[in-house]
1. Within the bounds of region 79-87, is there any residue that is open to solvent by 40 Å² or more (accessible area, probe 1.4 Å), of a type outside the set (Phe, Trp, Tyr) and within 22 Å of Asp103 (Cβ to Cβ)?
2. Give the residue, chosen from Ile28, Ile51, that is outside any loop (DSSP other than H, G, I, E, B), of a type in the set (Val, Ile, Thr) and either free of Cβ contacts under 8 Å to residues at least 24 places away in the same chain or open to solvent by less than 50 Å² (accessible area, probe 1.4 Å) (or both).
3. Go through region 91-115 and give me each residue that's out of contact with any Leu (no Cβ under 9 Å at 6 or more places or on another chain), open to solvent by 40 Å² or more (accessible area, probe 1.4 Å) and more than 16 Å from Ser31 (Cβ to Cβ).
4. Would you say Tyr37 is in contact (Cβ under 8 Å) with a residue 40 or more places away in the chain, open to solvent by less than 80 Å² (accessible area, probe 1.4 Å), touching a Phe, Trp or Tyr at 6+ places or on another chain (Cβ under 8 Å) and of a type in the set (Ser, Thr, Tyr)?
5. Just for region 1-18: of the residues that are in a loop (DSSP other than H, G, I, E, B) and touching a residue at least 60 places away in the same chain (Cβ under 8 Å), which one is nearest to Tyr93 (Cα to Cα)?
6. Which of the following residues is under 18 Å from Gln1 (Cα atoms) and touching a Lys or Arg at 6+ places or on another chain (Cβ under 8 Å): Ser25, Ser30, Ser84, Ser55?
7. Determine whether Ser21 is open to solvent by 20 Å² or more (accessible area, probe 1.4 Å), part of a strand (DSSP E or B), farther than 19 Å from Val113 by Cβ and modelled with pLDDT of 95 or more.
Amino acid sequence: QVRLVESGGGLVQPGGSLRLSCAASGSIFSSNIMGWYRQAPGKQRELVAGITSASITNYADSVKGRFTVSRDNAKNSVYLQMNSLKPEATAVYYCNIRWSRADYWGQGTQVTVSS
């Protein structure tokens, strides 16, 4: 079994920054993809950013240039640095790890961007 624990969410003003962290534990295959998704009220869950174990990244167009995803393979951890936050970034952010047929999710952390 794999467990993912997110941290770092909270309330931030527009234009501000937040850094999310996610630590995975359990039986994890070394070649995997970790990522961040978000779900706003009334909307479908969407990919924000992903990163492979070789540190190849991809981003949603809406966050390119403002968000940065990174990882620490030794710690099985992934991070999301979010800068220049906009109110439309308000959502629950979920950490994900997957490989082959395995697909695991964290419990989510709330990010609220509001003045």
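1. Taking every residue of region 79-87 in turn, none turns out to be open to solvent by 40 Å² or more (accessible area, probe 1.4 Å), of a type outside the set (Phe, Trp, Tyr) and within 22 Å of Asp103 (Cβ to Cβ).
2. None of the other options fit; the residue is Ile51.
3. Result: Ser115, single match.
4. Numbers: in contact (Cβ under 8 Å) with a residue 40 or more places away in the chain: yes; open to solvent by less than 80 Å² (accessible area, probe 1.4 Å): yes; touching a Phe, Trp or Tyr at 6+ places or on another chain (Cβ under 8 Å): yes; of a type in the set (Ser, Thr, Tyr): yes.
So Tyr37 fits the description; yes.
5. Step one: of region 1-18, the residues in a loop (DSSP other than H, G, I, E, B) are 1, 8-9, 13-17.
Pick out the ones that are also touching a residue at least 60 places away in the same chain (Cβ under 8 Å) and you get 8-9, 13-17.
On the way: Gly8: 10, Gly9: 8, Gln13: 17, Pro14: 17, Gly15: 18, Gly16: 17, Ser17: 15 Å.
Top of the filtered list is Gly9.
6. Ser25
7. Details: open to solvent by 20 Å² or more (accessible area, probe 1.4 Å): yes; part of a strand (DSSP E or B): yes; farther than 19 Å from Val113 by Cβ: no; modelled with pLDDT of 95 or more: yes.
No, not satisfied.
The values are calculated or read from the model by the stated rules, or taken from the named source; none is laboratory data. Please read all numbers here as calculations on a predicted model, not as lab measurements. Every residue, glycine as well, gets a Cβ built from its backbone with ideal geometry; the counts of neighbours run over all protein chains shown. These accessible areas exclude ligands, DNA and RNA; they are computed on the full protein's heavy atoms, side chains included. Shrake-Rupley method; radii C 1.70, N 1.55, O 1.52, S 1.80 Å.
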